[in-house]
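A short worksheet on the structure shown next.
The values are calculated or read from the model by the stated rules, or taken from the named source; none is laboratory data. Predicted model, so just to flag it, every value in this text is computed and none were measured. Every residue, glycine among them, receives a Cβ derived from its backbone with ideal geometry; neighbour counts consider all protein chains shown.
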Amino acid sequence: MSATKFDVRYIAELARIKLEPAEIATFESQLGHVLEHVEKLNQLDVSEVEPTAHSFPIYNIFREDQIRPSLEREAALANAPRQAQGLFIVTKVVE
Amino acid sequence: MKSDYIATIGLEVHVQLKTKSKMFCGCAIEYGAEPNTHVCPTCLGLPGALPVMNLEALRMTALTGLIFQCDVAPICKFDRKNYYYPDMPKNYQISQYDLPICQNGEVPLHDLAYPKDAQKSIKNADKRVRLIRIHLEEDVAKNFHFETTSGIDFNRAGTPLMEIVSQPDIESPEEAFAYLTSLKQALIYADVSDADMEKGQLRCDCNVSVRPSHQTEYGVKIELKNLNSISGVRRALAFEIDRQISALERGEKLSQETRRWDDDRGETFLMRTKESAHDYRYFPDPDLLPVKTEVFMPAVRARLPELPWFKRERFVREYGISSYDAGVLTDDLELSRYFEAAAKGAKRPKAVANYVLNDLLSALAAAGKSVEECPIEPQHLAELTGLIEDGKINSKQGKEVFAEMFASGEAPEEIVEAKGLKQESDIDAIKLLCQQTIEANPKSVEDYRAGKGAAINFLKGQVMKASKGKANPNLVGETLEKLLSGV
Amino acid sequence: MALSSLTVHEALDLLRRKEISPKEIVEALVKRIQEIDGAVHGYLSFDPERALKDAEHADVSLPLGGIPIAIKDVVSVQGHPCGCASKILQGYIAPFDATVIKKLRAAGAIPFGRTNMDEFAMGSSTENSAFGPSRNPWDADRTPGGSSGGSAAVVAADEALAALGSDTGGSIRQPAALCGCVGVKPTYGRVSRYGLVAFASSLDQIGPLTKNVRDAALIMNVISGADPCDSTTLDEPVPDYTADLDKGVKNLTLGLPKEYFIKGLDPQVEEAVRAAVAWYEKLGAKIVDISLPHTEYALSTYYIIAPAEASANLARFDGVRYGFRADGITGLSDHYGKTREEGFGQEVKRRIILGTYALSSGYYDAFYLRAQKVRTLIRRDFDDAFATVDAILCPTSPTPAFKLGERTGDPLQMYLADIFTLAANMAGICGISIPCGFAEVDGKKLPVGLQILGKALNEATMFRVANAYEQSTDWHRAKPLFGAESERLKGEK
């Protein structure tokens, strides 16, 4: 897990956040420090340890296949930055 | 395909499950509804909304696994697959990564599942295509494209979607066709999906590569998209295999890419070359808990349907019909149900099968009706074949009655009665008619006795005419012969 | 006494005796807010008319009948903004109530105002709010802590009787400590997260910030319980949390984890906490030393798990369906890139980058999976401890309130503010911070918080221990001299 320096540009692209070159440099150094701290975890032998995803070992939380009311269309679209003909409008998506 | 090349095809099939509500929320699933009328905070990805699993979708996926003899995992879980696209409400899709519900399994390809023109030349009878996995995920929204913008309808977003991934076991476009046909048929039998490709309920991506037959390692894998029908898949693969072989023959190097099938032009077009590999950053969805399948498997096992290929064998065995006929009858679940309902009450199920396969299917086709919309009750069809069998009407009359049944939905007995079609089988009445005819036609009698056997046909015709067609023709023939030979 | 300085249980008594009306409480709060919130900046918005209307219909016979409760801007209230103090949720009006809001309404409470916070609950000072920081009522040059700093500040400054906050790594307890109020992080799964804008789904819990322990118990009585809309809630009975409040601590064993009294712990904080421990001994509790050996790994573990989950949770903020959308977009990737660049603040971006990295191809096992495993070790530490003790005592925050701007340049330094609180989130146990004294810094009295950690689902014992101390001390009654502070700030302007 030696990764005190990492490719912020690539990661920002994955996260769909545009960054200015200066920001990239700042993040690289700040997060580098954080990652150095995080390297502490390497000191532990966890090969025999199960990961914890939820604090309690519970399973099988389901709902039955029942229809519940949807939002009114006006309410669904009310927060849309742009809408037309009942659709959420975005810049053209090229497939 | 040139015989000195081998094609390798693997299919990824997405199937919408026919649950009433969505995978992680209670919104109704309705194809063709007004846009954005079946959406809620969860399937719109509003801040703070959470998913809760639809148990029925898990059951249906496990059932599909049983049908194809998959291993149903004792524990499965849901993961987040991260990528950005406007049709993804949360910009991650809840899917299954390393613990899918089903693994392994196989789909048997049956002779009648192949395209009609290829059924005579099936290379590998009883072929089975192995499956890698079946997992459950949520469908994305639908995009509409305008000139400078796109519009998004989230009604579809969150519909339970099964992804069925095959091994690259498929070797020809015809096998791909048979695979999809068999798959679709089984899904319909299990009542887990309507699997209508036109409605997008079944969607398919193909991975195809070719290599010279002497070469052991696979060729360069090319992905095909935009396949909207099973026959389209066949056409696209045939085109693509030829294209790849031609390229190889010209000495070109193929590169890993995604191509789009244009069904109108009958060609594939480059969509994109292999991008920097996707980095989906899968991790277990902390909003959902793992699933222990044992709690619902007994109920799922109880729902295991009789599969089409077993039903076909049973029809041959129980109803004495040919394997081909049984295949056609079981090809469509509703048709097989119709046939069986009729055949159960019939003396000669074979006759029912003939009526169904010939008269009924063409009548339905001509009327543009599905089997479910068939105006004839299965029991009535059984009765009709019974009337013919018992000689109450002749087969020509049978056709007339059938047409009337199809038009009116009435029972055959009623139609026969109303039309006065019932055959005269009263020996005395027929004998009387025959005697009258013999007396009225001395010339023909003479001819017959002089050895012109055909003369009896004229007399027979006269008797039938006198009976207005109602006399049982077999009885008439027998009676005339007896009378003429002076017995 | 102004009605705004009432506690919840005092107000309930007066309401039930018809000595005051819900409307009068709301009016008193509105007045108080108008007077001092310009200086505190605890609220991002409040809708007095709606609150007054709700007050008119309030049924005071219900458990929280007629009690206004301030809501952190991260919990969805139908018809109100829910902006998480972020520009990216600009203009968003929630079309649904969070489960806790439904429960509060059903209990007669009045959701009142949106409190300030660190953007998306990422921070320990409210300085990451896109709308400017809140100020600590004890010293306006200092932060109230965070991320629920607005909620803590308005409770401490008598601009609310009580508030809801959310706690992912200490975001309720740390500001409660820094502002001198009570803050509860319930057991994970005790309170529904439906309608809580997710930061780190496996760690987030909603909880109350109040003026005393009893009020916190009263609110927990209402908001706890399984929710069919949140799969991670626990289907366990909810006891009456006020039932054991007065049972005292005789015969209880309280653990003192040695790993929490370390270098970096402010001497005045240590002194106050040790004094509280001694007081407990006087009250009849048995104090034992315990060890939580993996404590030193908690921060690292947290800063993998929380950002990783956040990187996915915050992916939905893309300007497609709601919120802010950048102008002058040239295409889809520009749409996402610009909207998220302009919509998110620095700290949020920093954590999304960190979390994306921790999950990215080739690093998942080394970071996320490893952190989940270390989380198991941290959880086991607490399991072992609770085998012998009824509750754990420790400081809530290593320091009293720090100055605005003091740590903003150094993320790691800021992250250390949560060093004593985040293990509870990792282990899923419950915790409470209560006032236990003051530190004096630059001539100002700054509150110190005592943290009491309880076993999972054993909030009742946690409350009992907290109440025993509170009822025998006066710290919780101390009020900041905010009038004076407010005047001073006005003078500065």
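Has the range B:209-229 got at least one residue that is touching a Pro at 6+ places or on another chain (Cβ under 7 Å) and charged (D, E, K, R)? Among the residues of the range B:209-229, not one is touching a Pro at 6+ places or on another chain (Cβ under 7 Å) and charged (D, E, K, R), which makes the answer no.
State which residue is surrounded by the fewest Cβ atoms within 10 Å (Cβ to Cβ) when the search covers only the range C:239-270 and only residues that are without any contact (Cβ under 8 Å) to a residue 60 or more places away in the chain and not in a loop (DSSP other than H, G, I, E, B). If we take residues in the range C:239-270 being without any contact (Cβ under 8 Å) to a residue 60 or more places away in the chain and not in a loop (DSSP other than H, G, I, E, B), then C:Pro267 is surrounded by the fewest Cβ atoms within 10 Å (Cβ to Cβ). Of the strands (runs of 3 or more DSSP E) lying entirely inside the range B:11-112, those containing at least 1 residues that are of a type in the set (D, E, K, R) span B:79-82, B:106-108. Counting only residues that are without any contact (Cβ under 8 Å) to a residue 40 or more places away in the chain, at negative phi and not charged (D, E, K, R), how many does the range C:354-384 have? Number satisfying all stated conditions: 8. List, please: which pairs have Cβ atoms under 7 Å, are six or more places apart or on different chains, and start with a residue in the range C:129-155 that is surrounded by 24 or more Cβ atoms within 10 Å (Cβ to Cβ) and end with one that is at pLDDT below 95 and among the aromatic types (Phe, Trp, Tyr)? Correct list of pairs: C:Pro137/C:Phe482. Does B:Asn143 count as touching a strand residue (DSSP E or B) at 6+ places or on another chain (Cβ under 6 Å), within 14 Å of chain A (Cβ to nearest Cβ), polar (S, T, N, Q) and on the phi > 0 side of the Ramachandran plot? Taking the combined requirement at face value, the residue does not satisfy it.
Looking at B:Asp111, is it more than 30 Å from B:Asn36 (Cβ to Cβ) and in the same structural domain as B:His278 (by TED's automatic domain parsing)? Yes, satisfied.
Every condition in (1) within 25 Å of B:Asn358 (Cα to Cα); (2) not assigned by TED's automatic domain parsing to the domain that holds B:Leu364 holds for B:Glu389 except the one numbered (2).
Within the range A:43-76, the set of residues being within 26 Å of the chain's Cα centre (by Cα), more than 8 Å from chain C (Cβ to nearest Cβ) and not in a loop (DSSP other than H, G, I, E, B) comprises just one member, A:Phe62. Restricting B:Glu147, B:Glu106 to those that are over 25 Å from B:Leu288 (Cβ atoms) and surrounded by fewer than 16 Cβ atoms within 10 Å (Cβ to Cβ) reduces the list to B:Glu147.
Scanning the range A:77-95 for residues that are among the β-branched types (Val, Ile, Thr) and part of a loop (DSSP other than H, G, I, E, B) yields A:Val93, A:Val94. Note on the range B:41-79: among residues that are within 13 Å of another protein chain (Cβ to nearest Cβ) and on the phi > 0 side of the Ramachandran plot, the one that is farthest from the chain's Cα centre (by Cα) is B:Gly48. Screening the range B:289-384 for helices (runs of 4 or more DSSP H) wholly inside it with 2 or more residues that are within 20 Å of B:Ala190 (Cβ to Cβ) and at pLDDT 90 or above returns the ranges B:297-302, B:308-319, B:323-331, B:333-344.
The criterion of at least 1 residues that are more than 26 Å from C:Met122 (Cβ to Cβ), at pLDDT 95 or above and under 19 Å from the mean Cα position of the chain (by Cα) is met by the following helices (runs of 4 or more DSSP H) wholly inside the range C:410-493: C:459-471.
Do we find that C:Ser151 is assigned to a strand (DSSP E or B), among the hydroxyl-bearing types (Ser, Thr, Tyr) and in contact with a strand residue (DSSP E or B) (Cβ under 6 Å, 6 or more places away or on another chain) in this structure? Here the answer is no, as C:Ser151 does not meet what is asked. Considering only residues in the range C:22-63 that are more than 22 Å from C:Ala217 (Cβ to Cβ), of a type outside the set (Asp, Glu) and in contact with a Leu (Cβ under 7 Å, 6 or more places away or on another chain), the one that is surrounded by the most Cβ atoms within 10 Å (Cβ to Cβ) turns out to be C:Val26. When B:Cys204 is tested against the conditions (1) at pLDDT below 90; (2) under 16 Å from B:Glu12 (Cα atoms), the lone failure is (1). Is it the case that some residue within the range C:386-393 is over 28 Å from A:Val34 (Cβ atoms) and among the polar types (S, T, N, Q)? Yes, the range C:386-393 contains at least one residue that is over 28 Å from A:Val34 (Cβ atoms) and among the polar types (S, T, N, Q).
Among residues that are in a helix (DSSP H, G or I), under 25 Å from C:Ser129 (Cβ atoms) and either facing chain A (nearest Cβ under 7 Å) or touching a strand residue (DSSP E or B) at 6+ places or on another chain (Cβ under 8 Å) (or both), C:Lys349 is included. When each of C:Tyr260, C:Tyr241 is tested for being of a type in the set (Ser, Thr, Tyr) and within 18 Å of C:Ala460 (Cβ to Cβ), the lone residue that passes is C:Tyr241.
If the condition is being surrounded by 22 or more Cβ atoms within 10 Å (Cβ to Cβ), more than 8 Å from chain A (Cβ to nearest Cβ) and not small (Gly, Ala, Ser), then the range C:312-346 contributes C:Asn313, C:Leu314, C:Arg316, C:Phe317, C:Thr339.
Scan the range C:69-125 for residues that are surrounded by fewer than 24 Cβ atoms within 10 Å (Cβ to Cβ) and at positive phi and jot them down. Result: C:Gly79, C:Gly91, C:Gly108.
Of all the listed residues (C:Asp227, C:Asp204), the sole one being within 11 Å of chain B (Cβ to nearest Cβ), closer than 25 Å to C:Thr356 by Cα and at pLDDT 95 or above is C:Asp204. Step by step: first the residues of the range C:36-62, then only those that are in a helix (DSSP H, G or I) and among the acidic types (Asp, Glu), then the one that is nearest to C:Pro133 (Cα to Cα). Which residue is that? Filtering the range C:36-62 for residues that are in a helix (DSSP H, G or I) and among the acidic types (Asp, Glu), the one nearest to C:Pro133 (Cα to Cα) comes out as C:Asp37.
Scanning the range B:157-176 for residues that are buried (at least 24 other Cβ atoms within 10 Å of the Cβ) and in contact with a helix residue (DSSP H, G or I) (Cβ under 6 Å, 6 or more places away or on another chain) returns B:Pro160, B:Met162, B:Ile170, B:Pro173, B:Ala176.
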